[in-house]
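Please treat every number below as a calculation from the coordinates, not as lab data. Note that the structure is predicted; figures quoted are calculated from it, not measured.
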Amino acid sequence: MHMRKSAIIFAAITFFALSCKKDTTEPPATSTFDCNTVTYSGTIASLATSRCNASGCHNSGSGNGDFTAYAGLKAKFDNGSLRQRVLVEESMPQGGSLTDEQYKQFECWINAGAPNN
């Protein structure tokens, strides 16, 4: 009787172990981000004002670069430092003050060639 009970328990454990498999499917994306909605005038300019200029780092006449106008950001894009500091090192803006969405907005704009749109 003891042997039969052990066999039944073993069979039950084996059945449950084989019927349980790890779910390897990717979870659905929680949101999609449309890079087509990102423009300098509608998105990046206000981000530069609120995240880069507000701290006094990139104001008009700043030795760090003037981000109050397109030309200042474009100069940093052209020399590669904007991509390096914002996207690669994530050291700018200081204190990591970009949300995930804002980071994606900068990434879209930079990847598009930093157009003045």
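In sequence order, what are the phi-derived ³J(HN,Hα) couplings for region 83-95 according to the Karplus relation 6.51 cos²θ - 1.76 cosθ + 1.60 with θ = phi - 60°, rounded to whole Hz, with x for glycine and proline?
Whole-Hz 3J(HN,Hα) from phi for region 83-95: 4, 4, 6, 8, 8, 7, 7, 6, 9, 10, x, 4, x.
Using θ = phi - 60° and the Karplus form 6.51 cos²θ - 1.76 cosθ + 1.60, what ³J(HN,Hα) does each residue of region 104-111 get, whole Hz, x for Gly and Pro?
In residue order, the calculated couplings are 5, 5, 4, 4, 4, 5, 5, 5 Hz.
Quick check of the Kirkwood formula: for region 35-111, what is the inverse mean of 1/r over all pairs of different Cα atoms, in Å?
Result for region 35-111, one decimal place: 12.3 Å.
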